[in-house]
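The values are calculated or read from the model by the stated rules, or taken from the named source; none is laboratory data. Quick caveat: nothing in here was measured; it's all calculated off a predicted structure. Counting neighbours? That spans all protein chains shown, and the Cβs are built from the backbone with ideal geometry, glycine included.
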Ligand SMILES: Cc1ncc(COP(=O)(O)O)c(C=O)c1O
């Protein structure tokens, strides 16, 4: 890492402090901000020229590395060709082409439909509304959603409701709709938890007996619950759970906002489960990490239930920037980059490299529950308080930042989710810094 640490108040920091309200930030604590002025590959650079390894892909969005000229060109070309047009009553090539290519990738979905929105939360809202209204359109009203304990699905009211058990939203309890929270047996390296999986499935079967006819849908983060603390569960458990809902005709939503686009080692996480969901939510990495965009892919059965002769059966949901052509062009260029850079092979390489380091870390007295899937590695700090607000990993993160490694722990959970362009040397450097800071 080049450059030197500076305690001098930065001009960006001072101006920010006077004007800006940041997300998920307690401004009363007066914690320092990183004034970032540039980025390239897996590196972020601050205004003093100091460099940081972006080990969390800038909140999990960046896939191919920062500053990709291929994405920049696609965006600039598209701005000059067609910058924006409303997406009700109009259409355009980038949105159509992106839908075609996404459906090709989500090949098991067959003839499905792509509904556009702007971010992960709205992809989830759209899925919840589709699942709910499909019952209304069929003449029954079902409003109860099943979710997994510890789930996080975004910050809009519907997404908060189904992510209530993450513990992020206590202040909004009165606003949220009712849900049923299902047990989810966690796994980590060397720990399979099969007995608890069987017990959980029995509990869920009983719940389906009593509540099955009220359930509008099931929503899950497949294989990894992200913001809840990089909690892993097995593909076998997930598919057994989903099959039980499918047998009762209850739509299953896979929120792949974090897991999509190769993060877990397959292009979509659902492809590892053998179960094809009725709805898939995608966002974050969809544009390679440079513009906001989201899609909700819905099965044709769901789409067909909205057809009719008047507006009452239509999906009353849309945003000003729905299917923005520039964002769609970025997403198309990102799909090209997946092919030209061999992103799944890159994730496999990252996985091997991080696996070597986790093997070494596993015996460290301050670490427990090491886990790894695709390009996501995580572990818990032993004996430290869990939960987002506990902030027990913060000290480690601050020490790592001093060493030029950027992480954002969730409570006592430390995780690494770098862009796919990261080199093995850079991964080595991050883990060496972790080891030295733990000491
Ligand atoms: C699984 C999952 N769903 C939805 C969201 C919400 O996405 P956004 O922050 O783009 O609204 C997130 C964000 O972290 C997420 O991890």
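Things to note:
- Looking across 308, 285, one residue alone is buried (at least 24 other Cβ atoms within 10 Å of the Cβ) and touching a residue at least 12 places away in the same chain (Cβ under 8 Å). It is 285.
- Any chance residue 74 is more than 22 Å from residue 280 (Cβ to Cβ) and buried (at least 16 other Cβ atoms within 10 Å of the Cβ): yes
- Filter result for residue 314 (over 28 Å from residue 251 (Cβ atoms) and surrounded by fewer than 18 Cβ atoms within 10 Å (Cβ to Cβ)): no
Let's see how each residue does on (1) free of Cβ contacts under 8 Å to residues at least 60 places away in the same chain; (2) touching a helix residue (DSSP H, G or I) at 6+ places or on another chain (Cβ under 8 Å); (3) not in a helix (DSSP H, G or I):
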residue	(1), (2), (3)
45	yes, no, yes
49	yes, no, yes
58	no, no, no
62	no, yes, yes
73	no, yes, no
88	no, no, yes
94	no, yes, no
97	no, yes, no
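- Some residue of region 162-171 being closer than 23 Å to residue 231 by Cα and loosely packed, with under 15 Cβ neighbours inside 10 Å: yes
- Residue in region 202-209 that is more than 21 Å from residue 258 (Cα to Cα), within 16 Å of the ligand (Cβ to nearest atom) and modelled with pLDDT of 95 or more present: no
- Positions within region 255-272 being in a loop (DSSP other than H, G, I, E, B) and either within 13 Å of the ligand (Cβ to nearest atom) or crowded, with 24+ Cβ neighbours inside 10 Å (or both), in sequence order: 256, 257, 258, 259, 260, 261, 263, 264, 268
Here's the yes/no breakdown for (1) loosely packed, with under 15 Cβ neighbours inside 10 Å; (2) part of a helix (DSSP H, G or I); (3) in the same structural domain as residue 51 (by TED's automatic domain parsing); (4) touching a residue at least 60 places away in the same chain (Cβ under 8 Å):
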residue: 347; (1), (2), (3), (4): no, yes, yes, yes
residue: 357; (1), (2), (3), (4): no, yes, yes, yes
residue: 372; (1), (2), (3), (4): no, no, yes, yes
residue: 377; (1), (2), (3), (4): no, no, yes, no
residue: 384; (1), (2), (3), (4): no, no, yes, no
residue: 400; (1), (2), (3), (4): no, yes, yes, no
residue: 418; (1), (2), (3), (4): no, no, yes, yes
residue: 421; (1), (2), (3), (4): no, no, yes, yes
residue: 433; (1), (2), (3), (4): no, yes, yes, no
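- If you go through region 186-196 and keep only what is exposed (fewer than 12 other Cβ atoms within 10 Å of the Cβ) and assigned to a loop (DSSP other than H, G, I, E, B), you end up with just 190.
- Complete set of residues in region 218-239 that are at positive phi and touching a helix residue (DSSP H, G or I) at 6+ places or on another chain (Cβ under 9 Å): 223, 229
- Residue count for region 139-185, restricted to those that are assigned to a loop (DSSP other than H, G, I, E, B), within 12 Å of the ligand (Cβ to nearest atom) and touching a strand residue (DSSP E or B) at 6+ places or on another chain (Cβ under 8 Å): 5
- Number of residues in region 277-294 that are in a strand (DSSP E or B) and away from the ligand (no atom under 12 Å from the Cβ) equals 1.
- Enumeration of residues in region 288-298 that are over 23 Å from residue 65 (Cβ atoms) and surrounded by fewer than 20 Cβ atoms within 10 Å (Cβ to Cβ): none
- Residue match in region 352-372 (condition: in contact with a helix residue (DSSP H, G or I) (Cβ under 6 Å, 6 or more places away or on another chain) and farther than 30 Å from residue 286 by Cβ): yes
- A residue that is part of a loop (DSSP other than H, G, I, E, B), touching a residue at least 60 places away in the same chain (Cβ under 8 Å) and surrounded by 18 or more Cβ atoms within 10 Å (Cβ to Cβ) occurs somewhere in region 323-343.
- The set of residues in region 210-226 that are within 17 Å of residue 153 (Cβ to Cβ) and either more than 16 Å from the ligand (Cβ to nearest atom) or assigned to a helix (DSSP H, G or I) (or both) comprises 215, 216.
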